[in-house]
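A.B. asks: Below: one structure in structure tokens.
The values are calculated or read from the model by the stated rules, or taken from the named source; none is laboratory data. What you see is a predicted model, and the numbers here were worked out from it, not measured in a lab. Every residue, glycine among them, receives a Cβ derived from its backbone with ideal geometry; neighbour counts consider all protein chains shown.
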Amino acid sequence: MNRILDITQKDLMQLVRDIKTFMFLLIMPIVFTFIFGYAFGGFGGNKSDSRLPVGFLSQDDGWITQSLFELLNQSEVIRLDANTMRTPADLENLVSESDLAAAIVVPDGYAKAVLKNRTVRLVVIADTATPAWTSIESEILTAISRLDGAVRTATIMEEIDADRIPFDYAFELTLAAWEDPPISIRETTSLIIQEQDNRNPALAHTSPSMMLQFSIAGLLTAAQVIVSERKSRTLQRLLTTATSRIHVIFGHYLAIFLMIFTQFTILILFGQIILKVSYLRVPLATLLVAFCTALCIAALGLLIGVLARTEEQAVSFSLIPMFVLSGLGGAWVPLEFTGPVFRTIGHLSPVAWGLDGFENICARGLGFESVLVPAAALMGYAILFFALAAWKMSASLET
């Protein structure tokens, strides 16, 4: 065990000797997380208003008209765009150019006609052939119906007892009753779904994606250490001592694992504290995924170091897996956005399983059991890569 730790310590000293390389493994994932986060709207300050824009022009100055405006302005479907400088012709142009979904013009004398129970029509400018018109029409009719109902009710109550129930009081009371009807439907969601809605889905994908991609980039330096050891014949001299091949293999492997796991730990804490990505919502699950992913990528680094004969090959063998496995595994474009065939092919990459594990916790709001399959898949890849590396190293030493 001491021989393994000695080799690990020697490799770690070589890896951290060049501080620029170590900082590259931390700064580049953070930079690209911000770049992709902005690209996918992860840092949008204000939530967009998805309501349909509807122009509003009042040619009447009655307080009933103001009540109509307030009712429509409370809608969750339409968003009133009121500009007193516009004319009806301006509204027609805006609707025809699709800048407004519709427009409402309140004619002069509207309030007096409503109070006297006379028939009066609003002018609505809209393209009735569009799907949005049905929703807009429903909102307008609902507001008008509530307004007319409040006026009729207030009129009747005033006729019954004007001293105790004046018109204005009955009118306001009736409108308020619409806000709290005797029978209402309330929709509730589970706490997990509510937590998921408060999360930033763009950063919840981008942060682990860049973390995984640049952990593979870090294999470049680790592989070069192994290549340099073999070219300088340090490995052969080491094997003439009491150090066995298994000690050498596990020593190199442990050094690469510690480097990657440290990188993961720092970036996870950065994502949790600075980016507000919910990595630590289920800490043990995130730890398990990070641990298994580090084991997998470290085994890949060991394999690259054994296969590469020169420093140039180590660079190529590290960069190619970084781009291929990251792109295939959904680090650049989420696999949820692709078809089922590409999604299946994408899971041939261990990056896809790492992303599944992290996103199940910080994006999908799932529990500890949701990371067991991704963790098992990553462990399978780790065993495969390590076995290939051990076999190749033994074969090369025998020749």
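A.B. asks: Just checking, how many residues over the range 72-103 are buried (at least 20 other Cβ atoms within 10 Å of the Cβ) and either modelled with pLDDT under 85 or in a strand (DSSP E or B) (or both)?
C.D. replies: 3
A.B. asks: Here is a follow-up. Considering only the range 319-361, state which residues are among the polar types (S, T, N, Q), part of a helix (DSSP H, G or I) and touching a residue at least 12 places away in the same chain (Cβ under 8 Å). Give the derivation first.
C.D. replies: As a first pass, look at the range 319-361 and keep what is among the polar types (S, T, N, Q): 326, 338, 344, 349, 360.
Next cut, part of a helix (DSSP H, G or I) only: 326, 344, 360.
Correct list: Ser326, Asn360.
A.B. asks: Taking the range 102-121 only, how many residues are more than 18 Å from Leu71 (Cβ to Cβ) and in contact (Cβ under 8 Å) with a residue 12 or more places away in the chain?
C.D. replies: Number satisfying all stated conditions: 4.
Results for (1) under 23 Å from His252 (Cβ atoms); (2) within 23 Å of the chain's Cα centre (by Cα); (3) modelled with pLDDT of 85 or more, shown as yes or no for each residue.
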position: Gln194; (1), (2), (3): no, yes, no
position: Ser215; (1), (2), (3): yes, yes, yes
position: Leu220; (1), (2), (3): yes, no, no
position: Ile226; (1), (2), (3): yes, no, no
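A.B. asks: Determine whether the range 136-158 contains at least one residue that is exposed (fewer than 11 other Cβ atoms within 10 Å of the Cβ), assigned by TED's automatic domain parsing to the domain that holds Asp99, acidic (Asp, Glu) and modelled with pLDDT under 80.
C.D. replies: Within the range 136-158, none of the residues are exposed (fewer than 11 other Cβ atoms within 10 Å of the Cβ), assigned by TED's automatic domain parsing to the domain that holds Asp99, acidic (Asp, Glu) and modelled with pLDDT under 80.
A.B. asks: Can you tell me which residue within the range 229-270, out of those that are more than 30 Å from Ile361 (Cα to Cα) and modelled with pLDDT of 75 or more, is surrounded by the fewest Cβ atoms within 10 Å (Cβ to Cβ)?
C.D. replies: Top of the filtered list is Ile246.
Yes or no, residue by residue, for (1) aromatic (Phe, Trp, Tyr); (2) more than 30 Å from Lys231 (Cβ to Cβ):
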position: Ala255; (1), (2): no, no
position: Leu280; (1), (2): no, yes
position: Thr286; (1), (2): no, yes
position: Val289; (1), (2): no, yes
position: Cys296; (1), (2): no, no
position: Leu302; (1), (2): no, no
position: Glu311; (1), (2): no, no
position: Ala314; (1), (2): no, no
position: Phe317; (1), (2): yes, no
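A.B. asks: Further, regarding this structure: Can we say Ala363 is at pLDDT below 95, surrounded by 15 or more Cβ atoms within 10 Å (Cβ to Cβ) and within 28 Å of Ala204 (Cα to Cα)?
C.D. replies: yes
Conditions tested, residue by residue: (1) modelled with pLDDT of 90 or more; (2) surrounded by 14 or more Cβ atoms within 10 Å (Cβ to Cβ); (3) within 20 Å of the chain's Cα centre (by Cα); (4) of a type in the set (Ser, Thr, Tyr).
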site: Ile304; (1), (2), (3), (4): no, yes, no, no
site: Glu312; (1), (2), (3), (4): no, no, no, no
site: Ser318; (1), (2), (3), (4): no, yes, no, yes
site: Gly329; (1), (2), (3), (4): yes, yes, yes, no
